[in-house]
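Enquirer: Got a structure for you, written out below as structure tokens; questions coming shortly.
The values are calculated or read from the model by the stated rules, or taken from the named source; none is laboratory data. As the structure is a computational prediction, the values presented were derived from the model and not from experiment. Positions of Cβ are backbone-derived with ideal geometry, glycine not excepted, and every protein chain shown enters the neighbour counts. To get the accessible areas, we keep the full protein, side chains included, count just its heavy atoms, and leave off ligands, DNA and RNA. Shrake-Rupley method; radii C 1.70, N 1.55, O 1.52, S 1.80 Å.
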Amino acid sequence: IPLSLAEVESKGKKKGPSTPEGLEELLVEAIWEKVCPKVRPGLTLCLGMPFSGTDVLAPMLANLSPNTYAVDCNALLDKEMERRTDLGLVLSNMLAQGKLPPLSFTLELIKDVVNLTGSDTLVVENCPLYVDQIEGLSKEFRIDRVCHIAGDGKAMSSWRSKFLAQVPPEQQEAQGKLFGEHGRRLTEIVGHFSRLGKADKLAVSDTPTEGILAELLTKATMPQFVLVTGLSTVITPKVAELVAAHLNAGAAWSALVAEGGEAAIASLKKQAESSSLLVVVMDRCVSSEAAALAFLSSLGVPQLVVNVSCSPEAIEEEFKAAHDDMDEEVVAATLQSERTAYEGALKVFKEKCASALLTIQRDSVKAPPEEPLKAAEQIFEMAKTKFVPKAYVVIAPSTDVDFGKMVTSALCTTGTLGSKPTKFTVLDTVELFQQGRHSSAIEDALHKASFSTTAPDCLPSDLWMQVFQEAFATSANPMGPFLITNFPTASALSASGTSIRDQFNMLGSLTSLGGILHVRLTDEVLRQCSSEEARALETRKAFQSHVQDQISKQYSKDLICDFVVDDLSVGAPAVASKACATFLAFLGNME
């Protein structure tokens with residue numbers, strides 16, 4: 001686990017005394033911060049309104065993984081008070097005084113469950129209860145997945161009626177306010193995880209049954225698949241390993257899909273659903289015509305099929321080296337059988353999803369025959385160009401009303417591209433270029449650059465791009481789609497900053513740019529949204545104008561969705577929702 005002292009120094013600015021004791025404490029804290037993610041247990045959060053069915057969903061999620069348990073945090077606290085433990089007595093006294101129990105109590109009880117069960121993952125209900133509790137929860141646990149049962153107006157009305165029916169008529173007004181407050185807090189929590197690309201939305205119009213939840217879960221949690229295929233048993237698995245590492249997908253899977261067997265497909269689907277992965281890389285798993293047909297009919301078109309094609313002579317030489325005691329006739333029959341099955345699978349992919357098939361010839365790379373691992377690295381470099389994240393830029397002026405955050409939040413919680421909800425991940429450049437949240441190498445480079453730059457985003461172009469590449473690679477889904485906000489960065493018009501044109505060029509070299517939403521404010525609305533002096537307002541107007549001029553020159557109008565805000569009488573959130581709907585409709589027309 002690497003740790004740079006420059007990283008420690010950048011985090012420790014204005015934090016504690018520069019005494020040996022203070023520096024030692026800072027160093028220990030920095031080391032623990034690096035070690036903690038490697039050892040802390042994981043949580044799947046099950047979110048929803050009262051009576052929405054989270055009590056049914058939580059056990060279903062727990063059953064997806066071995067030695068995983070569903071835990072209702074409210075029930076944990078209630079049991080402590082029933083047993084009159086030390087903690088339970090403290091809780092009872094606090095509730096009697098009208099105080100809410102602190103998050104630390106819940107965290108300790110969850111840790112007790114982890115210690116008791118020896119489980120690496122738990123499914124948790126009724127935690128967190130407030131958005132500001134997420135930070136404390138994340139420090140103690142690894143949050144792997146968030147599932148949210150989202151009801152429409154009809155469902156919410158039904159759940160509210162059931163919630164009110166729990167109390168006498170004279171208490172229902174207060175109970176109704178409690179229900180509304182619960183909804184507001186839930187919206188904030190879901191919004192936070194949606195911006196990270198972690199929230200799976202299960203949309204319902206009534207309290208769902210177990211069967212409906214199972215269907216919704218399959219649609220929401222099934223990852224994308226990348227298949228790596230080829231006859232080489234040395235080069236192909238190495239390419240799969242490199243692709244999996246690049247996509248932050250864990251280890252490549254190597255379980256074979258049987259010849260159209262339903263049991264094998266069902267097992268694969270269950271494993272994929274329980275993996276918490278957004279992308280699964282499969283190494284030579286679909287290696288026959290029947291298996292390819294079964295895969296496509298059950299799991300759909302893969303994101304990409306990387307075919308590592310080697311000459312028959314090279315495959316024969318590799319096979320004989322691994323089976324030097326095998327009879328020549330058996331060798332020939334085995335190789336012919338494997339090649340026939342392999343070519344059958346390729347035939348299916350060519351006919352059914354030709355655009356997803358990428359064939360790379362072993363002979364097209366320069367590595368000599370005696371260096372197969374080097375050849376695999378070169379083949380991966382050629383394939384890597386296909387793994388470019390999808391990104392959308394949301395341009396909005398920075399005022400007292402943060403339209404950029406409002407619009408991206410609306411896109412994250414309601415956005416749909418195609419037939420299913422899309423999990424966008426927001427990258428805010430204001431946060432992106434801050435020190436203290438990067439790898440050791442980048443922290444070291446940022447620390448050195450800070451001595452010669454006037455602003456955090458005034459960086460050399462190679463370091464600027466490395467910061468974005470790291471953000472893509474370490475996100476919940478490295479392939480996106482991403483929403484880039486506060487872009488171009490604030491220093492784009494300064495003498496020492498990277499220009500608007502160059503920022504878009506660099507972003508374009510790292511991503512597949514899917515569209516630009518430009519939220520422009522009229523002069524009157526800009527004044528309403530800003531408490532700044534006239535000079536600062538003119539600077540913002542000039543920046544908005546420069547951005548509009550540059551993107552209109554740099555990109556075709558088919559890529560730019562222009563949304564003008566000329567009236568705030570309906571409120572900023574409603575305007576942001578309209579901008580979100582306009583952009584989604586624009587993207588739908590592009591498809």
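Enquirer: Assuming R0 = 45 Å, can you tell me the calculated FRET efficiency for the pair Tyr555 and Tyr130, based on Cβ-Cβ distance, to the nearest 0.05? Walk me through the numbers on the way to the answer.
Expert: Details: r = 41 Å, r/R0 = 0.92.
Using R0 = 45 Å, I get an efficiency of 0.60.
Enquirer: Also, I was wondering about something else. Of the GluC sites (Glu not before Pro) in segment 508-573, which ones lie in a loop per DSSP and count no more than 12 other C-beta atoms within 10 Å? Can you show the working numbers first?
Expert: Numbers: sites: Glu524, Glu532, Glu533, Glu538; in loops: Glu532, Glu533.
When the GluC sites (Glu not before Pro) of segment 508-573 are filtered for loop state and at most 12 Cβ neighbours within 10 Å, Glu533 remain.
Enquirer: Mind pulling the per residue volume of the convex hull built on the Cα atoms of segment 1-137? Å³ is fine.
Expert: On the way: hull volume 23.6 nm³, N = 137.
Dividing the Cα hull volume of segment 1-137 by its residue count gives 172 Å³.
Enquirer: Hey, got the Cα dimensions of segment 223-319 along the principal axes, in Å, largest first?
Expert: 39, 30, 18
Enquirer: Starting from the Cα of Thr416, step 7 Å along the direction of its Cβ; do the same at Asn115; then give the gap between the two resulting points in nm.
Expert: It works out to 4.7 nm between the two label points.
Enquirer: Could you name the lysines whose alpha carbon sits less than 21 Å from that of Lys553, not counting residues in the same chain fewer than 8 places away?
Expert: Lys541
Enquirer: How large is the charge dipole for segment 57-191, taken about the Cα centre, if only the Cβ atoms of Lys, Arg (+1) and Asp, Glu (-1) carry charge, to the nearest 20 debye?
Expert: Numbers: 14 positive and 18 negative charges, 50 e Å.
The calculation lands at about 240 debye.
Enquirer: Each residue of segment 337-352 in order: what ³J(HN,Hα) in whole Hz does its phi give by Karplus 6.51 cos²θ - 1.76 cosθ + 1.60, θ = phi - 60°, with x for Gly and Pro?
Expert: Here the 3J(HN,Hα) series is 5, 5, 5, 4, 5, 4, 5, x, 5, 4, 4, 5, 5, 5, 7, 8 Hz.
Enquirer: Still on this model: Quick check for me: using +1 on Lys/Arg Cβ and -1 on Asp/Glu Cβ, what's the dipole size of the chain about its Cα centre, in debye to the nearest 20?
Expert: Details: 54 positive and 74 negative charges, 306 e Å.
Approximately 1460 debye in magnitude.
Enquirer: Averaging sequence separations of C-alpha pairs under 8 Å and six or more residues apart, then dividing by the length of the chain, give the relative contact order as a whole percent.
Expert: On the way: 871 pairs, mean separation 80.9, N = 591.
Contact order relative to length: 14 percent.
Enquirer: Would you please classify the overall shape of segment 146-196 from the alpha carbon gyration tensor, given that a ≥ b ≥ c denote the square roots of the eigenvalues, rounded means a/c under 1.5, and beyond that prolate means a/b larger than b/c while oblate covers the rest?
Expert: Because a/c hits 1.5 or more and a/b exceeds b/c, segment 146-196 counts as prolate.
Enquirer: Still on this structure, please answer the following. Expressed as a whole percent, how much of the Cα-Cα distance distribution for segment 291-447 exceeds 21 Å?
Expert: On the way: 8535 of 12246 pairs.
Looking at segment 291-447, the distances longer than 21 Å represent 70 percent of pairs.
Enquirer: Moving on. With the full set of protein chains in place, find how many percent of the accessible area of segment 285-406 is carbon and sulfur; take the probe as 1.4 Å. Show your work: numbers first, answer last.
Expert: Values: 3220 of 6370 Å².
Looking at segment 285-406 in its full context, I get 51 percent from C and S.
Enquirer: To continue, here is another question. Among DSSP beta bridges lying fully in the chain, give the percent that are antiparallel, nearest 5.
Expert: Working: 2 of 59 bridges.
Counting DSSP beta bridges with both partners in the chain, the antiparallel share is about 5 percent.
Enquirer: Assuming 1.567 mPa s and 4 °C, estimate D for segment 171-290 with Stokes-Einstein, Rh taken as the Kirkwood radius over Cα pairs, in µm²/s.
Expert: Values: Rh = 17.5 Å.
It comes out at roughly 74 µm²/s.
Enquirer: Roughly how many whole Å is it from the C-alpha centroid of segment 154-209 to that of segment 305-379?
Expert: 55 Å
Enquirer: What is the packing order of peptides 228-235, 96-103, 405-412, taking the mean over residues of other C-beta atoms within 10 Å and listing the highest first?
Expert: Details: 228-235: 22.2, 96-103: 11.0, 405-412: 24.4.
Result, highest mean first: 405-412, 228-235, 96-103.
Enquirer: With the other protein chains left in place, how much accessible area per residue, in square angstrom, belongs to segment 112-224 at a 1.4 angstrom probe?
Expert: Each residue of segment 112-224 exposes 50 Å² on average to a 1.4 Å probe.
Enquirer: Mean residue ellipticity at 222 nm from the helices of the chain, using -39,500 (n - 2.57) per DSSP H segment of n ≥ 4 over the full residue count, to the nearest 500 deg cm²/dmol? List each step's numbers first, then the result.
Expert: Numbers: 24 runs with 307 residues, N = 591.
That calculation yields -16500 deg cm²/dmol at 222 nm.
Enquirer: Heads up, I need the accessible area for Leu278: 1.4 angstrom probe, whole protein in place, Å², nearest 10.
Expert: 50 Å²
Enquirer: I've got another one for you. Note down the relative contact order for segment 269-392 as a percent, whole number, built from C-alpha pairs under 8 angstrom at least six residues apart.
Expert: Working: 82 pairs, mean separation 41.2, N = 124.
With pairs under 8 Å counted, the relative contact order is 33 percent.
Enquirer: Cross-link list Lys219/Lys269; Lys219/Lys347; Lys79/Lys111: which exceed 21 angstrom alpha carbon to alpha carbon?
Expert: Details: Lys219/Lys269 11 Å; Lys219/Lys347 28 Å; Lys79/Lys111 15 Å.
Violating the 21 Å Cα-Cα cut-off are Lys219/Lys347.
Enquirer: In square angstrom, what is the accessible area per residue of segment 269-372 with a 1.4 angstrom probe? Walk me through the intermediate numbers first.
Expert: Working: 5440 Å² over 104 residues.
Value returned for segment 269-372: 52 Å² of accessible area per residue.
Enquirer: Tell me the label-point distance for the pair Ser440, Leu5, using the 7 Å Cα-to-Cβ offset, in nm and rounded to one decimal.
Expert: My value for the distance between the label points is 1.3 nm.
Enquirer: Among Lys405/Lys448; Lys350/Lys386; Lys270/Lys350; Lys139/Lys198; Lys177/Lys198; Lys154/Lys201, which pairs are too far apart, with a Cα-Cα distance over 21 Å? Kindly include the intermediate steps, with their values, before the conclusion.
Expert: Details: Lys405/Lys448 31 Å; Lys350/Lys386 17 Å; Lys270/Lys350 27 Å; Lys139/Lys198 17 Å; Lys177/Lys198 29 Å; Lys154/Lys201 17 Å.
Too far apart for the 21 Å limit: Lys405/Lys448; Lys270/Lys350; Lys177/Lys198.
Enquirer: Considering only protein heavy atoms, what per residue accessible area in square angstrom results for segment 443-591 with a 1.4 angstrom probe?
Expert: On the way: 7160 Å² over 149 residues.
I get 48 Å² per residue for segment 443-591.
Enquirer: Another one. Tell me which residues come under 5 Å, amide H to amide H, from Trp253 once H is placed; ignore anything under 5 positions away on its chain.
Expert: Close amide H contacts, sequence-distant or interchain: Val281, Met282, Asp283.
Enquirer: Oh, and also: State, in angstrom, two size descriptors of the chain derived from its alpha carbons: Rg to one decimal place and Dmax to the nearest whole number.
Expert: 27.2, 89
Enquirer: Under 8 Å for C-alpha pairs, at least 6 residues apart: give me the relative contact order for segment 115-235, rounded to a whole percent. If you can, show how the numbers build up before the last one.
Expert: Values: 74 pairs, mean separation 41.8, N = 121.
Across segment 115-235, relative contact order equals 35 percent.
Enquirer: Another one. Return, for the Cα atoms of segment 57-203, the radius of gyration and Dmax in Å, separated by a comma.
Expert: 16.5, 47
Enquirer: With unit charges on the beta carbon (Lys/Arg positive, Asp/Glu negative), name the residue among Leu95, Met382, His246 whose Cα is farthest towards the positive pole of the charge dipole of the chain.
Expert: My answer, from the dipole projection, is Leu95.
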